[in-house]
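Beneath this line is the structure, given in structure tokens, with notes to follow.
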Amino acid sequence: MCNNIPRDDISAVFLNTSEFAEERSIRYNGILYENIPVVITGLKEHNRRRLAAGLHSGTTVLHCATPDIGGKIPEPSQKLRIYDEGNSGFYKDYRVTASSENMGMCRIELERIME
């Protein structure tokens, strides 16, 4: 992990909950990481891909501080659950399709199957 950006800068700039980030609870690898600041992009109606009758997949990208998820970058094919308090009040299940880490920030590409 590269530590060129101080942790305070990551929180104050990239993951500022007064600006772009929002707090979400994430369950990954059997561990619950509660109320961590994240930026979630994607998962729009036009990003959905039809899989079969009544099933679609959607993609989204999650950005968070690597230490906030235990310092481990999720590997492709692993499952990740994100609590969606605003819309449903339930966890939504995703599959990691790609992930990377740069200067203390984790970028995780996710896919979700929807009806």
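What tally of residues in the range 41-71 results from selecting those that are outside any strand (DSSP E or B), modelled with pLDDT of 75 or more and surrounded by 17 or more Cβ atoms within 10 Å (Cβ to Cβ)? Within the range 41-71, residues that are outside any strand (DSSP E or B), modelled with pLDDT of 75 or more and surrounded by 17 or more Cβ atoms within 10 Å (Cβ to Cβ) number 3. Scanning the range 88-107 for residues that are outside any strand (DSSP E or B) and touching a residue at least 24 places away in the same chain (Cβ under 8 Å), we see that the one that is surrounded by the most Cβ atoms within 10 Å (Cβ to Cβ) is Gly104.
The values are calculated or read from the model by the stated rules, or taken from the named source; none is laboratory data. Predicted, not measured: the structure shown is a model, and the values here were computed from it. Positions of Cβ are backbone-derived with ideal geometry, glycine not excepted, and every protein chain shown enters the neighbour counts.
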